[in-house]
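We did not get these values from a lab; they are worked out from the coordinates using the rules stated. Since we're looking at a predicted model, the values are computed, not measured. Note that each Cβ is placed from the backbone with ideal geometry, even for glycine, and that neighbours are counted across all protein chains shown.
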Amino acid sequence: MSALVAGLFTGGCQCGAVRYRATARHKSASICHCRMCQKAVGGYFAALCRLPDDRLTWTRGQPAVFASSDQADRGFCRDCGTPLFYRWKGGGFTSVTLGSLDDTQAVAPNHQFGIEGRVPFLAGLASLPGDETTEEEMPDDAPAIAATNHQHPDHDTDHWP
Ligand SMILES: [Zn+2]
Ligand SMILES: [Zn+2]
């Protein structure tokens, strides 16, 4: 948990209404299986990267916040619903969701929390039979999907859409 990775972290939500940037060393990256994190991201676990609050800037829009307890906030885009962060109040850090980073491979988690909530089939997911996305599964539909893609690209833009 003590690995320090220096870098520029940029990311945002799916629709592009909320974007962030941090120039920082992230203190830890982790996944959390606790029930609150499962609900907050709508998945089996939250993947998070802790960034110092004073190095994190919201460069477009502002996230909406839900206080999942009196101790912690969850940030998300009010327009498209993308989960964007977990923040322990007064902790000085904001943990952005690793899936909202522009480069999802920039940071690898190095710890797990909330393992009491870990689904028992998690370890087997990576060995399930697999296909690639629409190009493989729906080749006839892929051009139309690409042509009507409303997802913000994985970099900052001057105007969107
Ligand atoms: Zn959005
Ligand atoms: Zn959690």
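Some points to look at:
- Listed residues Thr57, Cys77, Ala106: farthest to the positive end of the dipole of the chain (Cβ charges): Thr57
- For region 108-157 versus region 1-70, the gap between their alpha-carbon centres in whole angstrom: 18
- In sequence order, calculated HN-Hα J values of region 99-108 (Karplus, 6.51, -1.76, 1.60; Hz; x Gly/Pro): x, 8, 5, 5, 10, 6, 9, 6, 9, 9
- Neighbour net charge for Ser69 - beta-carbon separation under 14 angstrom, K R +1, D E -1: +3
- Förster-model FRET efficiency, 22 Å R0, Thr104 and Asp156, C-beta, rounded to 0.05: 0.85
- In loop segments of region 77-161 as defined by DSSP, the GluC sites (Glu not before Pro) with at most 14 further C-beta atoms inside 10 Å of their C-beta are Glu132.
- Per the Cα gyration tensor, region 5-119 maps to an equivalent ellipsoid with semi-axes of 19, 17, 14 Å, ordered largest to smallest.
- Per-residue ellipticity at 222 nm computed for the chain from its helices equals -2500 deg cm²/dmol, with DSSP H segments shorter than 4 residues left out and the rest contributing -39,500 (n - 2.57).
- Charge dipole of the chain (Cα centre as origin; +1 on each Lys and Arg Cβ, -1 on each Asp and Glu Cβ, all else neutral): 1120 debye, rounded to the nearest 20.
- Each Cα pair under 8 Å and six or more residues apart adds its sequence gap; the mean of these over the residue count of the chain is a relative contact order of 26 percent.
- Between Ala126 and Lys89, the modelled labels are 3.8 nm apart [label points 7 Å from Cα along Cα→Cβ].
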